[in-house]
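Novice: I'd like to ask you about the structure that follows.
A short reminder: the numbers here are calculations on the coordinates, not readings from a lab. Please read these numbers as outputs of a predicted model, since none were measured by experiment. Because the Cβ atoms are built from the backbone with ideal geometry, glycine has one as well, and the counts that use them run over all protein chains shown.
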Amino acid sequence: MPDQSGEKRVIRLGDIQVSNTSAIDRKVAVGMHRFRSKKTAEKYLENLLHTALNDAWKSGAELGGTGSRGAAYIQGFYSSRIENTVAEMTRLEINESLRKIRK
C-alpha cells in the first residue's frame, strides 16, 4: 500500500538486487568475448534480456516502484552487455555474408 504521508522513499543503489554475473558476462561487458555463431549470440541475448526484465520486476516489487532510479540502475547494469552482444551479432552476420560472397 502506498505511503499516504507524502514522504518520498529514498532508494539506495545497494538496495537493488541484480543477478550474479558469470565470467562470460564480464567478458561480454568489456567486449572481449567472441561468440562462435549467431545462434549462440541470439540465445545469450535472449537470456540476458529475460534476466534484466526479471531483475527489474523483482526490484520494482521489493522497492514498491518508487521513482525511476532503480530502472536506470538496472539499465546501466545491463546496457554494455546488450550493446556488445548486438555488435557481436552484427559482426557474425557480416562475416557470414562475406563467406557467401566468396563462394
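Novice: What is the local net charge at Glu93, summed over the other residues whose Cβ is closer than 13 Å to its Cβ (Lys, Arg +1; Asp, Glu -1)? The partial results should precede the final answer.
Specialist: Working: positive: Lys38, Lys39, Arg91, Arg99, Lys100; negative: Glu42, Glu88, Glu96.
Here the charged neighbours net out to +2.
Novice: Is there a quick way to get the dipole size of the range 22-102? I mean about its Cα centre, with the Cβ of Lys and Arg at +1 and of Asp and Glu at -1; what is the value in debye to the nearest 20? If you can, show how the numbers build up before the last one.
Specialist: Working: 14 positive and 9 negative charges, 103 e Å.
In total the dipole reaches around 500 debye.
Novice: Another question about this same structure. Using square roots of five times the C-alpha gyration tensor eigenvalues, list the equivalent-ellipsoid semi-axes of the range 22-102 in whole Å, biggest first.
Specialist: On the way: eigenvalues 196, 24, 21 Å².
Equivalent ellipsoid semi-axes, largest first: 31, 11, 10 Å.
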